1. Do you know which of the residues in region B:113-125 that are open to solvent by 20 Å² or more (accessible area, probe 1.4 Å) and in contact (Cβ under 8 Å) with a residue 40 or more places away in the chain is farthest from the other protein chains (Cβ to nearest Cβ)?
2. Determine whether C:SER37 is in a helix (DSSP H, G or I), hydroxyl-bearing (Ser, Thr, Tyr), away from chain B (no Cβ under 14 Å) and within 26 Å of C:ARG185 (Cα to Cα).
3. Under the condition of being touching a helix residue (DSSP H, G or I) at 6+ places or on another chain (Cβ under 7 Å) and assigned to a loop (DSSP other than H, G, I, E, B), which residue from region A:82-97 is surrounded by the fewest Cβ atoms within 10 Å (Cβ to Cβ)?
4. Looking only at region A:248-259, which residues are open to solvent by 70 Å² or more (accessible area, probe 1.4 Å) and not charged (D, E, K, R)?
5. Could you check region C:99-114 and list, in sequence order, the residues that are more than 8 Å from chain B (Cβ to nearest Cβ) and crowded, with 20+ Cβ neighbours inside 10 Å?
6. Test of understanding: among C:ILE73, C:ILE8, C:ILE32, which residue is more than 9 Å from chain B (Cβ to nearest Cβ) and of a type in the set (Val, Ile, Thr)?
7. Within region A:140-162, track down each residue that is of a type in the set (A, V, I, L, M, F, W, C), in contact with a Gly (Cβ under 8 Å, 6 or more places away or on another chain) and either open to solvent by 10 Å² or more (accessible area, probe 1.4 Å) or part of a loop (DSSP other than H, G, I, E, B) (or both).
8. Test of understanding: among A:LEU190, A:LEU249, which residue is more than 20 Å from the chain's Cα centre (by Cα), over 22 Å from A:LYS56 (Cβ atoms) and part of a helix (DSSP H, G or I)?
Amino acid sequence: MNQVAKNMTETKQDTIVEVDGIAMRYEGGVQALKGVDLKIPSGELTSFLGPSGCGKTTLLKIIAGLLTPTEGEVRIRGKKVTGPGPDRAFVFQDFALMPWATVQRNVEFGLELRGMPKDQRGEKAVKYIAEVGLAGFEKSYPHELSGGMRQRVGLARALAVDADILMMDEPFASVDEQTRRKFQEDMLDLLSKEKKTVIFVTHSIEEAVYVSDQVVLLSPRPGQVQRIIRTEIDRSKSPDEIRRDKNYLDYVDDIWAVLRTYL
Amino acid sequence: MALRTLGRQTWLWKLMSFALFFGAWEIAGRIPISLSFPTFIETFIAFVRMTFNGEFATAYLQTIQPLIIGVAISSVAGVGFGVLMGLWRTMEWFLVVIFIILYASPVAAIIPLVTYMYGIGLTSKVIAVVIMALPLIVLNCYKGVRHTHPSLIEMVRSFQGSRWQEIRLIILPNASSLIFAGLRLGIGAGFIGVVLAELLITPTGIGDLITYHRSVADYPEMFADITSIIALSAVSLTVLLKMEFLVRPETRKR
Amino acid sequence: MKLNGKQIPIVYSLFLWAAIWELVGRYGGLAILPPLSAVFEAGVEMVPTDKFKSAMVVTLDAYFRGLAMAVAIGIPMGFLMGVSKTIDRLIGTWVNIFVSAPLTAVVPIFMVILGIGQATVIASVFLFAIWAIVLDTRAGVKHVNPSLPEMAHSFGASRWLIFYRIYLLAALPEVLAGIRLGLIRAVKGVVIGQLLVAITGIGELFELYSRNFLFDEFWALLLMVFAFAFATAEAVGLVEKRIEYYARTR
C-alpha cells in the first residue's frame, strides 16, 4: 500500500472507540485522569504515550471496562461501556498467565470461560500458538519460557477470543531489547493479517512511533490529552529502513520535544 | 544424564547425613552421655523387635485412628473456613483474629479441659488433633485465597469470566500450593496433638508405650518408640508432598 | 466488615466474641465454660497471689533460657547451612524432619536424662524453638544478593567484616522472621514441657485447676498465656516491619 492510498483509506475509517470526558479519581484522592476526550479509528493501531504515572494504563483499563471512571463515559460503536465485553481482549504487562496451566490451556482460557467445547477451543489455540511463533511449546509451563515467549502466550490468548479490539498494556515492558524488536515486528506482521483495532500503552517513544498509526500524548498527572500525532510512515519498507526513515526520526524528535518539558 | 548423576548424589548425601546422625548417636550412647541414653544399635534392635512382635502394630492401631479422623475433620473444616474467609469479607472479619490467636497460642493447654468434657477416649484424642491442626490449615488456605495475584483476577474479568469461574479456575488453583502447605503443617501439628494427648491423658497407643517403657526403664525400647513416631510423621509428610506432585503437574518439572 | 459505610477494624470482632462468650457462659449451662466476667474476676484475684507469681517466674525463666539457647545455637547453625553446601546437605534433612516432627514425643527423653524439673522444660523450649530459627536464617543467608559480599571484598573487607556487616545484616529480615516463629513455638514448648512435667510453673497450675474443677481460674490463666504469646509475636512483628523497610531495596 503506498502512502497516499493509505491516508485515503484512513480518512474514510470510522471511529470505533469514543472516550468522552473521562476523569478518574482513586479512593485515596489521587486524580489520575481529567477531561480526556479521544476518538480511536477502527482498524488502526493507537498508542498512549506519556511519562510514568500519567494514567495511561488507567485509561486503557477504563476502555477495557476493568475500571469504572468517576466522570464521563466510553462508547464502543456508540454503545456505553459498563464492563469488559467480548469485543475487547486485553494483553497484560505482567503477562497474567496461570503458572499451573500449560501454554495450550493458557491460550484456550478465554474460550474456556465462554464455554466453548474442548476440541474446538484446542484447535483454535493450536492455530494461534503457531501464529505467535510458539509451535511445539504447547505442553510447556510458563515458568519454562522466557519473558518474551510468555508475552507471546498472552498475545495468543487475546487473539484466540477473536475480539475486534486488542488492548495491550506495556506488553514489552518486561522483555529485553532484542526480543522486544523482534516481537514488535512479528506483532505488526500478525496484526496486518488479523485486521484488528489495537490500543497500545507504552513509555517508549521509539516503540510508539514504530508500531502506531496514531500516538496519543498524555500529560503528567492528572493525565490529559496533550497532542495526537498521526504518524505517516511508509510501512511497506523493511523494519530497519523504517527505523532510519526521516519521517520516523522526525516524529521521535517531535514527541521528545514535548515529553522533555515534563521532566 | 546430568540429572541422573545429580539424583544419585543427593541420594548419597542423604545416606551420609543419616550415617552422621546415627553415628553421633552411637558414640553418645557408648560414652555414655547419660545412663539412660542407649546406643543407636541397641535402639535399632529394639525397634526391629517391636516391629515384628506386634507391639508397634497394637500401639499404632490406637494412635492412627484418632489421627486420621482428626486430620480429616481439620482438613475439610480448615479448607472450608479458610476459603470462605478468603472470599467473604464478613466471614474474614468475624473469624480471622480468632484463628490468628489460636495459631499463635499454646492451645495444648486446653487438652486437660478436653479430658474433663469427653473423658479419656477416642473423642478427646480427636479433639486434641483438631485443635492443633485446624488453625494452621485455616490460616494457610485463607492466605492462599486472599493473596491471589490481582492481574490474574483482572485477566478473568477481561474475558468476562463469572465470579464462580474466577474462584474455580483461578483463585483455588492459585491457592493450592498454600493449601497443601497448610495440610502438611496441619498433619505435623496433628501428630503433636495426638502424642500429647496420649502422654498426658489417655494411656493408650504409642504415647502409652513411651510412658510404659520409661517407667520400667527400658530405654532402648523407649527411644525406639520415639524414633518410630518421628519417622512415621516424616514419612506421612513426604507422602503428602508426592501427592501434591500428582495434583499439581507444574511442580513436577521444576 | 462495614457498618454505615465505615470499615470496622478487624480486632473489634474480639468484642463480639467476648459478648458471645459471656452469653454462652451465663445461659449455656456448661460448667466447663464460665462467663467471661467471672474469668476476669478470677484473673484479677489470681495475679497478686504468691503461687501465681512464683509460677510465672519459673515459667518465664525456662522460656527465656530455652529461647536464648535456641537463638544462640540456631542462628550460627542456619548461617553455616546457608554458606556451606556440604553442611547444608549433611544436616538439612534432619532439620527439616525436626521442624515438623512430633517433638512432644521427645520430651520424655529429657525427663529421663535431665530429670523431672526445670532443665527438662528449658530443653523442650529449646527443641521447639530452634528449628524455625535455623531454617529461616539459612534462607536469609541464601538470599543475600551475591554482589554484596563481592562488593565488600572488592573494597578490601576482611572475611570477618563481610560475615557480620554483610551476611548477618542482609539476612536480618529472615533471621527476625525466624525468631518470631521461634518465640511462638517456644511458648508452645514451655507449656507442653510443663504440662508433661506437671510439677512446675503454669503447667502445675493448669493441672491443679483442671483437677479441682476451678474453671474460672483455668480460663483466666489460659487467656493470659494466649495474650502473652500473641503479644510477643506481634512485638517482633513490629520490629520486622521496620526492618522490611530497608529490606525492600535489597
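The values are calculated or read from the model by the stated rules, or taken from the named source; none is laboratory data. What you see is a predicted model; the values in this text were computed from it and never measured. Counting neighbours? That spans all protein chains shown, and the Cβs are built from the backbone with ideal geometry, glycine included. Accessible surface is based on the protein model in full, side chains and every heavy atom, while ligands, DNA and RNA are left aside. Shrake-Rupley method; radii C 1.70, N 1.55, O 1.52, S 1.80 Å.
1. B:LEU122
2. no
3. For region A:82-97, the residue satisfying everything is A:ASP94.
4. Those that are open to solvent by 70 Å² or more (accessible area, probe 1.4 Å) and not charged (D, E, K, R): A:LEU249, A:TRP256.
5. Matches in region C:99-114: C:PHE110 only.
6. Details: C:ILE8 fails: more than 9 Å from chain B (Cβ to nearest Cβ); C:ILE32 fails: more than 9 Å from chain B (Cβ to nearest Cβ).
None of the others qualify; the one that does is C:ILE73.
7. Looking only at region A:140-162, we keep the residues that are of a type in the set (A, V, I, L, M, F, W, C), and these are A:145, A:149, A:153, A:155-156, A:158-161.
Subset that is in contact with a Gly (Cβ under 8 Å, 6 or more places away or on another chain): A:158, A:160-161.
If the condition is that a residue be of a type in the set (A, V, I, L, M, F, W, C), in contact with a Gly (Cβ under 8 Å, 6 or more places away or on another chain) and either open to solvent by 10 Å² or more (accessible area, probe 1.4 Å) or part of a loop (DSSP other than H, G, I, E, B) (or both), then A:VAL161 is the only one that fits.
8. Among A:LEU190, A:LEU249, only A:LEU249 is more than 20 Å from the chain's Cα centre (by Cα), over 22 Å from A:LYS56 (Cβ atoms) and part of a helix (DSSP H, G or I).
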